[in-house]
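*Asks:* After the structure tokens below, expect a handful of questions from me.
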Amino acid sequence: MAILSQSDATKVREMLGGMSQPVRLVFFTQSLNCDTCEPTGQILNELAALSDLITLEEHNFLLERDDAAGYGIGRVPAIAVLGAEDHGIRFFGIPSGYEFMSLIDAILLVSNGDSGLAPESRALLAGLESPIALQVFVTPT
Amino acid sequence: MAVESGKVTSLIVEASEYPDLVHRYHVSGVPKTIVNERIEILGARPEEDFVRTAVGATSTLAT
């Protein structure tokens, strides 16, 4: 049974119509000791089916640790959102509820390569000399 | 921010799945953002405020 309802799928397909460039979702998962890995995979498969511009790559975290490390991923379930370049956007945990919308937002931002930030914010970031690593803690509801 | 600048990375973490991280960063409410492992931004903040605080974290580090 699908996780996304028919009406949600229709809305998401419409939103993804705003994509201009392809996006790869690199998904690291494992079958044992990970309650949320399987539903995360299902959500991603349903999501990828809604746009020709989304490609889903599934990797076994336990067997492909080097690949995971290359993406800075050390736990599962994890999703790297990649466009023409890697902007360093990762999701850890199941992207359901509000997080699902955050994932769609991230896909659109990466696809279009435009942050949508205000000119003042862009100016501040343009002057960055040191890296910023953000960890944003959220919950699905 | 991560799309805007190559110097910014963004990890979105589902708190309830990672109690070790919740404990490490003292997450008692969401959203909570940790900048460079040490600066905390609590709640949803206006964009300019958020960006200024995050960018400010790097200059604090440099001094």
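The values are calculated or read from the model by the stated rules, or taken from the named source; none is laboratory data. These figures come from a predicted structure and were not determined experimentally. Cβ placement follows ideal geometry from the backbone for every residue including glycine, while neighbour counts extend to all protein chains displayed.
*Asks:* Of the numbered conditions (1) at the interface with chain B (Cβ under 8 Å from one of its Cβ atoms); (2) in contact (Cβ under 8 Å) with a residue 40 or more places away in the chain; (3) out of contact with any Leu (no Cβ under 9 Å at 6 or more places or on another chain), A:ILE73 satisfies every one except a single condition; which is it?
*Replies:* Condition (1) is where A:ILE73 drops out.
*Asks:* Residue under question is A:GLU38, and the condition is that it be assigned to a helix (DSSP H, G or I), out of contact with any helix residue (DSSP H, G or I) (no Cβ under 9 Å at 6 or more places or on another chain) and acidic (Asp, Glu); does it hold?
*Replies:* yes
*Asks:* Output the residues belonging to the stretch B:40-49 that are closer than 17 Å to B:VAL27 by Cβ and either touching a residue at least 40 places away in the same chain (Cβ under 8 Å) or assigned to a helix (DSSP H, G or I) (or both).
*Replies:* Within the stretch B:40-49, the subset closer than 17 Å to B:VAL27 by Cβ is B:40-45.
None - no residue of the stretch B:40-49 is closer than 17 Å to B:VAL27 by Cβ and either touching a residue at least 40 places away in the same chain (Cβ under 8 Å) or assigned to a helix (DSSP H, G or I) (or both), so the list stays empty.
*Asks:* Considering only residues that are more than 9 Å from chain A (Cβ to nearest Cβ) and not in a loop (DSSP other than H, G, I, E, B), look in the stretch B:21-39 and name the one that is farthest from the chain's Cα centre (by Cα).
*Replies:* B:HIS23
*Asks:* Tell me which of these A:ALA133 doesn't satisfy, since it passes every other one: (1) modelled with pLDDT under 95; (2) within 30 Å of B:ARG52 (Cβ to Cβ).
*Replies:* If we test A:ALA133 against (1) modelled with pLDDT under 95; (2) within 30 Å of B:ARG52 (Cβ to Cβ), just (1) comes out false.
*Asks:* What single numbered condition from (1) facing chain B (nearest Cβ under 7 Å); (2) surrounded by fewer than 19 Cβ atoms within 10 Å (Cβ to Cβ); (3) of a type in the set (Lys, Arg) fails to hold for A:ARG90?
*Replies:* (2)
Table: residues versus (1) crowded, with 16+ Cβ neighbours inside 10 Å; (2) more than 7 Å from chain B (Cβ to nearest Cβ); (3) among the hydrophobic types (A, V, I, L, M, F, W, C); (4) touching a Lys or Arg at 6+ places or on another chain (Cβ under 7 Å).
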| position | (1), (2), (3), (4) |
| --- | --- |
| A:GLU99 | yes, no, no, no |
| A:ILE104 | yes, yes, yes, no |
| A:LEU109 | yes, no, yes, no |
| A:ASN112 | yes, yes, no, no |
| A:GLY116 | no, yes, no, no |
| A:PRO119 | no, yes, no, no |
| A:LEU124 | yes, no, yes, yes |
| A:LEU128 | yes, no, yes, yes |
| A:GLN135 | yes, no, no, no |
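*Asks:* Could you count how many residues in the stretch A:41-56 are part of a helix (DSSP H, G or I) and touching a Pro at 6+ places or on another chain (Cβ under 7 Å)? Show your work before the answer.
*Replies:* At the first step, the residues of the stretch A:41-56 found to be part of a helix (DSSP H, G or I) are A:41-48.
Restricting the remaining residues to those that are touching a Pro at 6+ places or on another chain (Cβ under 7 Å) gives A:43.
Count: 1.
*Asks:* Take the stretch A:1-16 and flag every residue that is touching a residue at least 24 places away in the same chain (Cβ under 8 Å) and either out of contact with any Pro (no Cβ under 9 Å at 6 or more places or on another chain) or part of a helix (DSSP H, G or I) (or both).
*Replies:* A:ALA2, A:LEU4, A:ALA9, A:VAL12, A:ARG13, A:MET15, A:LEU16
*Asks:* Taking the condition within 13 Å of B:ALA2 (Cβ to Cβ), surrounded by 19 or more Cβ atoms within 10 Å (Cβ to Cβ) and more than 7 Å from every other protein chain (Cβ to nearest Cβ), does A:GLY83 pass? Steps first, please.
*Replies:* Numbers: within 13 Å of B:ALA2 (Cβ to Cβ): yes; surrounded by 19 or more Cβ atoms within 10 Å (Cβ to Cβ): yes; more than 7 Å from every other protein chain (Cβ to nearest Cβ): yes.
When the stated conditions are applied, A:GLY83 passes them.
*Asks:* Where the second residue is of a type in the set (D, E, K, R) and the first is closer than 14 Å to A:GLU85 by Cβ and lies in the stretch A:106-128, which pairs have Cβ atoms under 6 Å and are six or more apart or on separate chains?
*Replies:* Correct list of pairs: A:SER115/B:GLU4.
*Asks:* Looking only at the stretch A:110-117, decide whether some residue is of a type in the set (Gly, Ala, Ser), closer than 23 Å to B:THR33 by Cβ and touching a Phe, Trp or Tyr at 6+ places or on another chain (Cβ under 8 Å).
*Replies:* no
*Asks:* Then there's this: Any residue at all in the stretch B:14-30 that's under 19 Å from A:LEU109 (Cβ atoms) and either in contact with a Gly (Cβ under 8 Å, 6 or more places away or on another chain) or of a type outside the set (Asp, Glu) (or both)? I'd like the intermediate steps shown before the answer.
*Replies:* Here is the first cut: in the stretch B:14-30, the residues under 19 Å from A:LEU109 (Cβ atoms) are none.
No, the stretch B:14-30 contains no residue that is under 19 Å from A:LEU109 (Cβ atoms) and either in contact with a Gly (Cβ under 8 Å, 6 or more places away or on another chain) or of a type outside the set (Asp, Glu) (or both).
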